[in-house]
1. Can you spot the lysines whose alpha carbon is less than 18 Å from K165's alpha carbon? Ignore those fewer than 8 places along the same chain.
2. Using modelled backbone amide H atoms (1.01 Å from N, in-plane), which distant-in-sequence or interchain residues come within less than 5 Å of K165's amide H?
3. Please list, by residue number, everything in the stretch 89-121 whose backbone N is under 11 Å from a paramagnetic label point 7 Å out along Cα→Cβ of R65.
4. Considering amide H positions built from the backbone, and no H for Pro or chain starts, which residues 5 or more places from S93, or on another chain, come under 5 Å of its amide H?
5. For a footprinting-style exposure proxy, rank R80, R163, R74 by other Cβ within 10 Å, fewest first.
6. So if R0 is 25 Å, what FRET efficiency would S123 and I183 give, r being the distance between their Cβ atoms, rounded to the nearest 0.05?
7. Going 7 Å from the Cα of T42 in the Cα-to-Cβ direction, what parts of the stretch 79-93 have a backbone nitrogen less than 14 Å from that spot?
8. From the phi of every residue in the stretch 87-103, what ³J(HN,Hα) in whole Hz does the Karplus formula 6.51 cos²θ - 1.76 cosθ + 1.60 yield, where θ is phi - 60° and glycine or proline is x?
Amino acid sequence: MRMLQGLVFAFFSCLIHSNAYAISIVYQGFECLNAVNTEDPTPDNGTPVQSKFEVIEDSGDGIYRLNLTGGIPRFVSNDRTVCIDKATAIGYSGIPGDVLPQPLDAIDATGYFDGEELIIVTSSLYTDLSARRNPFSSFTTSFIFPFTNTLIFKFNSAASSFRLKKVVRNRGFVHTSGSTNSITPFFETVLPSFNKEAQDKPVILTPLSTIEYKLEK
């Protein structure tokens, strides 16, 4: 066991120091049928997708910068159904001049590996892109949802894979509303945690199904 853990460490280090950023962990699944409802893990069985974390930098002390493509597994309590969530897990990006935020194909993530457990943290922003307008105002805006996911894996030495043990998921809420003609031109609603209700706590999830990420190079 210890030898295999050491080999994984050596494997990571060898690839990084040789500038061959090709090591990754991959889970095969199907994209979520309901793109944005994190309480619905129903898969679109016609759309296969890979959830892939690829190492892009060794930051030392077991910390790695990663690139996430495809999305991350979505599941809920007391249900074995699993799909891969791209819409909220990877999210959108946009700056003034681009007209509307655009969906991303990949985001950065950060991982910590101690030879037995791998912890990965991802952060993303999702917007519904819909302009919400007060009937008596010309002021328009959109909802923005910050998402943070912490994935905790156990290294499976026999299969050279990482089994997903827990996911800590949190959704925030950001919204601006108001009128350009009023004394107070706008109101900002900012809630760091808004999972099922306002001021909610982050959700801690344990998958009932086995979710295994294969180590690849």
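Every number here is computed from the coordinates shown, using simple stated rules; none is lab data. No experiment lies behind these values; they were computed from the predicted model shown. FYI the Cβ positions are ideal-geometry reconstructions off the backbone, even for glycines, and counts take in every protein chain you see.
1. K52, K154, K214
2. Answer set, sorted by chain and number: I152, F153, K154.
3. 108-110
4. Sorted by chain and number, the residues that satisfy this are Q102, L104.
5. Arranged by neighbour count, lowest to highest, R80, R163, R74 become R80, R163, R74.
6. My answer for the efficiency is 0.10.
7. Taking a point 7 Å out along Cα→Cβ of T42, the residues of the stretch 79-93 whose backbone N falls under 14 Å are 81-83.
8. Each residue's phi maps through the Karplus curve to give 4, 8, 6, 9, x, 10, 8, x, 10, x, x, 8, 6, 10, x, 10, x Hz.
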